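I have a structure here, written as structure tokens, and I will follow up with some questions on it.
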Amino acid sequence: MNKQAYINRVAAALQGMELKGLFPSVIIAQAALEGGWGESLLAKQYNNHFGMKPGVYRTNYGGWNGQTVTLPTKEWKNGKYQVVNQEFRVYPSLEYSILDHNGLFYKLSRYKAVLTAKSPYEQLIAIKNGGYATEPEYVSRLMKVINDNNLTRFDGNTGQGSVQPSTPGTTQSSTTAQTSKIYKMNTKTLSIIIIVAGLALAAIGGYNLAF
């Protein structure tokens, strides 16, 4: 899958979701970096586009039904990447993965500053400071994804989205016009592309996401 197709896929999945202060550009960049642009085994086969782990309390933040899979991944430890076996969450669709990932920031108090950030960069700093990732260059990597792909074009009136769809995992045509106004998206820029995931397996890129 090429980068623009993946960007459009995630942007389309965001339609109808109430983002509560999260920048679409940040969500798209995180999915791209953490899910290998949709090509990691974790994203392609298990719909986990953010490397979300079960966590100690195995809390459902909004889209997880408790299923997990254990896979090898690279983690940043002792100043270098190491390959370890890690348990990850499994989702029925990209939309559920996004809902669960966003809910992490809504429900955990240590991410309070994330929702009041005034820019994507400020939001990424708050995410990093909240303990989301230990990879040293995490913020700069994400800002490069945002800048290189002009992802701020999706931001518009951030956090003012409509009520999230009652059935995540389906693209609802009735919400397209409404959410395009909310995010001030140009329909020529954002085209809804239906992606059929391939069967080829790709390696997982790990960023020692702590959550």
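Only one of these is within 27 Å of Ser140 (Cα to Cα) and out of contact with any Gly (no Cβ under 9 Å at 6 or more places or on another chain): Ser25, Ser40. Name it.
Every option except Ser25 fails the conditions.
On the basis of being surrounded by 12 or more Cβ atoms within 10 Å (Cβ to Cβ) and farther than 20 Å from Arg9 by Cβ, does Pro72 make the cut?
Spelling it out, Pro72 is indeed surrounded by 12 or more Cβ atoms within 10 Å (Cβ to Cβ) and farther than 20 Å from Arg9 by Cβ.
Restricting to the range 1-19, name every residue that is among the small types (Gly, Ala, Ser), in contact with a helix residue (DSSP H, G or I) (Cβ under 7 Å, 6 or more places away or on another chain) and in a helix (DSSP H, G or I).
Scanning the range 1-19 gives Ala11, Ala13.
While we're here: Would you check which residues across the range 20-42 are within 19 Å of Thr68 (Cβ to Cβ) and in contact with a helix residue (DSSP H, G or I) (Cβ under 9 Å, 6 or more places away or on another chain) and list them?
Glu34, Gly35, Ser40, Leu42
For every residue, the table says whether it meets (1) touching a residue at least 40 places away in the same chain (Cβ under 8 Å); (2) out of contact with any Leu (no Cβ under 8 Å at 6 or more places or on another chain); (3) buried (at least 21 other Cβ atoms within 10 Å of the Cβ); (4) of a type in the set (Val, Ile, Thr).
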{"position": "Ala13", "(1), (2), (3), (4)": "yes, no, yes, no"}
{"position": "Val26", "(1), (2), (3), (4)": "yes, no, yes, yes"}
{"position": "Ala29", "(1), (2), (3), (4)": "yes, no, yes, no"}
{"position": "Leu42", "(1), (2), (3), (4)": "yes, no, yes, no"}
{"position": "Gln45", "(1), (2), (3), (4)": "yes, no, no, no"}
{"position": "Pro54", "(1), (2), (3), (4)": "no, yes, no, no"}
{"position": "Asn60", "(1), (2), (3), (4)": "yes, yes, no, no"}
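Only residues that are over 15 Å from the mean Cα position of the chain (by Cα) and either part of a helix (DSSP H, G or I) or surrounded by 16 or more Cβ atoms within 10 Å (Cβ to Cβ) (or both): list them for the range 82-114, please.
Gln86, Lys107, Leu108, Ser109, Arg110, Tyr111, Lys112, Ala113
Additional query: Please go through the range 24-56 and pick out each residue that is under 14 Å from Leu99 (Cα atoms) and either in contact with a Cys (Cβ under 7 Å, 6 or more places away or on another chain) or assigned to a loop (DSSP other than H, G, I, E, B) (or both).
Asn47, Asn48, His49, Phe50, Gly51, Met52, listed by residue number.
Rule-based calculations on the coordinates, nothing more; no lab input. None of these values were measured; they are calculated from a predicted model. Neighbour counts are summed over all protein chains in view; Cβ atoms, including those assigned to glycine, are modelled from backbone coordinates with ideal geometry.
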